[in-house]
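Let me begin by presenting the structure, written as structure tokens, before commenting on it.
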Amino acid sequence: MHARIAATTGPADQIPQADGNVLDVLMLQAHVVTAVFWLISCVLVAFLAVPALRKVPSASFLHELQVRRELVFGVLWATFVLTLGTGTYLLFQQAIYDPPFSGGDFNGLEDQPYGLPYYYALYGKIALFLLMGGASLILALEGNRAAQLSEAAGGPVEGAEEDDPAWLDEEVLPGGVASVPSGPGADLEPDAPAVDVSDGATRLATRPRAPQRSLATLWASAGVLVVGAGGVGFCVTLIKYFHELARAAVVYEQLRLR
């Protein structure tokens with residue numbers, strides 16, 4: 001494994017060396033690029049999902065997002081998978097020690113310079129990334145729902161407040177009694193107000209019950225993405241810091257024992 005660091009108790013000639021190849025460099029660059037595009041996709045999905053954030057872009061830009069939402073979602077999940085895949089490759093090929101997967105492995109890292117804090121930061125980064133992936137899934141589902149309803153209502157309009165569109169039942173029975181639809185599309189709110197029509201009859205205003213997420217859930221998901229992005233950046237800084245400290249500590253110890 002590349003960039004492996006010898007134990008401080010090893011012989012003096014086991015000075016760690018950073019061996020690399022073109023594939024490692026390409027994988028690292030791909031990891032960074034796909035992570036950036038994934039974050040951009042998360043921002044676009046948040047614009048689609050959170051009502052308050054839907055007012056940030058212009059109506060024309062929001063309309064383009066809604067029309068091309070399948071492309072946005074495709075980029076979102078493709079870059080997520082690529083970021084996860086390249087990160088897994090780098091975990092096994094470029095980490096300073098063998099990745100720990102059990103309590104015994106973590107106990108063995110106690111004897112390695114900065115081994116525990118290095119992997120705490122690395123696994124913390126992975127945990128935040130997966131948590132952000134769950135948050136982006138919630139926003140993607142709601143963004144798809146909101147985009148469908150908005151386009152069905154004619155699309156976003158500059159300066160207009162967007163609400164969920166309500167549909168009226170077109171069939172009015174004799175005597176002013178509104179019909180209640182049945183079947184797969186009958187999941188409608190029964191307590192909607194009655195609406196007068198020109199012939200004196202009444203019909204029931206109904207609204208479809210779409211699986212809408214609460215505003216708190218949407219804002220929490222957006223918050224996870226923001227805080228998670230900052231946390232991942234902080235973890236990356238710690239990983240680089242502990243990586244350099246570990247290499248320096250091992251080299252110093254081995255040179256001292258010569």
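Bear in mind these aren't lab numbers, they're just calculated from the coordinates by the rules spelled out. Just so we're clear, the structure is a prediction, and the values are computed from it rather than from any experiment. Cβ sites come from the backbone with ideal geometry, for glycine too, and all protein chains shown count toward neighbours.
What are the residues in the range 30-62 that are of a type in the set (Ser, Thr, Tyr), more than 14 Å from Leu225 (Cα to Cα) and in a helix (DSSP H, G or I), if any? The answer is Thr34, Ser60.
Could you list, in sequence order, the residues of the range 75-91 that are closer than 12 Å to Cys42 by Cα and either among the β-branched types (Val, Ile, Thr) or more than 13 Å from the chain's Cα centre (by Cα) (or both)? Across the range 75-91, the qualifying residues are Val75, Thr79.
Can you tell me which residue is farthest from Gly230 (Cα to Cα) among those in the range 129-141 that are aliphatic (A, V, I, L, M) and crowded, with 20+ Cβ neighbours inside 10 Å?
From the range 129-141, those aliphatic (A, V, I, L, M) are 130-132, 135, 137-141; that's our starting set.
Subsequent filtering for residues that are crowded, with 20+ Cβ neighbours inside 10 Å retains 132, 135, 139-140.
Working: Met132: 11, Ala135: 15, Leu139: 19, Ala140: 21 Å.
Filtering first and then ranking leaves Ala140.
The set of residues from the range 93-108 being farther than 29 Å from Leu26 by Cα and either of a type outside the set (Gly, Ala, Ser) or more than 28 Å from the chain's Cα centre (by Cα) (or both) comprises Gly103, Gly104, Asp105, Phe106, Asn107, Gly108.
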